[in-house]
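*Asks:* Before I ask anything, here is the structure I am working with.
Each reported figure results from applying straightforward, stated rules to the coordinates on display, with no laboratory input. Every value quoted in this text rests on a predicted model; they were computed, and no experiment measured them. Every residue, glycine as well, gets a Cβ built from its backbone with ideal geometry; the counts of neighbours run over all protein chains shown.
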Amino acid sequence: MKVILKQDVIKLGYKDDVVTVKNGYANNYLFPRGYAILASNSNLKMLEENLKQGVMKREKIKKDAEATAKSLDGLSITIPTRAGANGKIFGSVTSLLVSQALKAKGFDIDRRRIDFPDEIKNLGSYKAKLNLHKEVKVEVTVEVVAE
């Protein structure tokens with residue numbers, strides 16, 4: 001079933017993308033939550049018209065994301081946490097902690113836009129990928145140190 005996404009859905013697509021999903025996923029998850037609409041001819045024509053009218057707005061959003069990415073490039077954030085003698089931390093470092101550390105440095109990044117290649121369960125240096133825009137992604141270094 002083809003659907004038009006009304007907002008970003010993680011691991012599926014971004015707003016205004018036309019994607020193919022299984023019927024049950026669309027009927028039981030996407031439609032009831034308002035994440036998508038059916039990609040009928042009239043809805044596709046409406047989407048096309050909205051995309052034509054929103055070109056300038058999308059370009060501004062992309063330029064803002066690129067400017068943020070440029071200022072974030074090469075940034076290193078430090079997250080203090082409790083750790084044992086062997087360097088293993090209690091719990092793990094989550095995207096929420098990284099988001100709060102970025103907010104303390106003046107960057108307001110939503111935690112859902114932060115990805116880690118693997119779980120952070122030990123002290124050390126890691127890379128976090130920030131998805132600022134559909135086409136703009138940047139990596140920051142996350143230093144996990146003992147308190």
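*Asks:* Can you give me the Cα centroid spacing of region 117-147 and region 38-116 in angstrom?
*Replies:* Value for the Cα centre distance between the two parts: 12 Å.
*Asks:* Name the residues whose placed amide hydrogens come within less than 5 Å of the amide hydrogen of Asp16, ignoring near sequence neighbours (fewer than 5 apart) on the same chain.
*Replies:* Leu5, Lys6, Gln7
*Asks:* Can you check how the C-alpha radius of gyration of region 2-53 compares to 2.2 N^0.38 Å, as a plain ratio?
*Replies:* 1.06
*Asks:* Using only C-alpha atoms and all pairs of different ones, pull out the Kirkwood radius for the chain in Å with one decimal.
*Replies:* Every distinct Cα pair counted, the radius reaches 17.7 Å.
*Asks:* Where Rh is the Kirkwood radius over the Cα pairs of region 32-115, the temperature 10 °C and the viscosity 1.306 mPa s, what D in µm²/s does Stokes-Einstein return?
*Replies:* 94 µm²/s
*Asks:* Of all beta bridges DSSP finds with both residues in region 66-146, what is the antiparallel percent, to the nearest 5?
*Replies:* In region 66-146, approximately 70 percent of DSSP beta bridges are antiparallel ones.
*Asks:* Also, quick follow-up: Applying the Karplus parametrisation 6.51 cos²θ - 1.76 cosθ + 1.60 with θ = phi - 60° to the phi angles of region 74-85, what ³J(HN,Hα) value in whole Hz is obtained for each residue in order, glycine and proline being reported as x?
*Replies:* x, 6, 10, 10, 10, 10, x, 8, 6, 9, x, 5
*Asks:* Spelling out what I want: for every residue of region 106-121, take phi, set θ = phi - 60°, compute 6.51 cos²θ - 1.76 cosθ + 1.60 (Karplus), and round to whole Hz; glycine and proline get x.
*Replies:* Computed from phi, the couplings for region 106-121 are x, 10, 9, 10, 5, 4, 6, 9, 10, 10, 10, x, 8, 5, 9, 10 Hz.
*Asks:* Let me ask another. Tell me, what HN-Hα J-couplings in whole Hz come from the Karplus equation 6.51 cos²θ - 1.76 cosθ + 1.60 at θ = phi - 60° for each residue of region 94-103, using x for Gly and Pro?
*Replies:* 10, 5, 5, 5, 5, 4, 5, 5, 5, 5
*Asks:* Compute, for the chain, the length of the dipole vector about the Cα centre, with Cβ point charges of +1 (Lys, Arg) and -1 (Asp, Glu) only. Units Debye, rounded to 20.
*Replies:* 320 debye
*Asks:* Name the long-range amide H neighbours of Ile120: under 5 Å, sequence gap of 5 or more, or other chain; modelled H, no Pro or chain starts.
*Replies:* Excluding prolines and chain starts, which carry no amide H, the hits are Val93.
*Asks:* Find out how many positive minus negative residues lie around Leu97, taking Lys and Arg as positive, Asp and Glu as negative, among other residues whose Cβ is under 11 Å from that of Leu97.
*Replies:* +2
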